[in-house]
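See below for the structure under consideration.
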Amino acid sequence: MQSKQVIFVADSLDNAHKFQAVLSALDVDVAAGSSVQFKRLLEQHPSCDLVVYEARGDAMQNISRVEAALLEDGCGALLVIVNDDQLAEFRLPVQVKSDFVVHGSSADECSARIRQLLWPGNESSTSDYIAVDAMTINLATYQVKIAGEPLDLTYLEYALLAFLVTHPGRTYSRDALLRRVWGFDYYGGSRTVDVHVRRVRAKLGPELAQRLETVRGVGYLWSM
């Protein structure tokens, strides 16, 4: 999947916290702010792929203004967060691709609706993503992010991390890692694995680095 640009607009902390976790697990770049910052966010990110907007107060009047702004700026789609008491009068915009979730919906439902808007017909490709705590790995594009920030890894550092994370709980010797990650034509010493493990740990930070465990006398594993 191709990385997308998302604008997230909310005035409540509970939605902000929930959608921060939801969006960090997807291959998206996020610009977030309050409703008073909405127009500025659109100006800074023209032709964004999706706006996630929390409807407050007069929902229909607010969404009409949002729809008009999206049409003017050429944004792709809109996901509206509405409260139960707004549903009786709520209508989805008809001039932009749109969907809605009710305030309090599960993170899985919110993620599913976002994926449908951004990658229609390709939802199964989310299997290319692995989320571990604040880290996400995009196996299709070889990108690693922690709390939404890209991690600067060399290819071999990425390959080592991705291999261990996709085989959690299994211990691999240095020689096994050389064969699986570096390849059968690698003739260097096995201690190069130690060097790369140290570099990966340093870049992951203390919390995630604890998951890349040393099994004394055997090798390394990624703990579940």
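Considering only residues in region 45-69 that are modelled with pLDDT of 85 or more and assigned to a helix (DSSP H, G or I), the one that is farthest from His17 (Cα to Cα) turns out to be Ala68. Here Asp29 meets each of (1) open to solvent by 20 Å² or more (accessible area, probe 1.4 Å); (2) part of a loop (DSSP other than H, G, I, E, B) with one exception, condition (2).
Scanning region 11-56 for residues that are free of Cβ contacts under 8 Å to residues at least 40 places away in the same chain and among the basic types (Lys, Arg) gives Lys39, Arg40. In region 88-103, which residues are surrounded by 12 or more Cβ atoms within 10 Å (Cβ to Cβ) and either in contact with a His (Cβ under 8 Å, 6 or more places away or on another chain) or of a type outside the set (Lys, Arg) (or both)? Phe90, Leu92, Pro93, Val96, Ser98, Asp99, Phe100, Val101, Val102, His103, listed by residue number.
The values are calculated or read from the model by the stated rules, or taken from the named source; none is laboratory data. Remember, predicted model here, so these are calculated numbers, not experimental data. Cβ coordinates were reconstructed from backbone atoms using ideal geometry, including for glycine residues, and neighbour counts include every protein chain displayed. Each accessible area value is taken on the protein alone, full model and side chains, heavy atoms only, with ligands, DNA and RNA left out. Shrake-Rupley method; radii C 1.70, N 1.55, O 1.52, S 1.80 Å.
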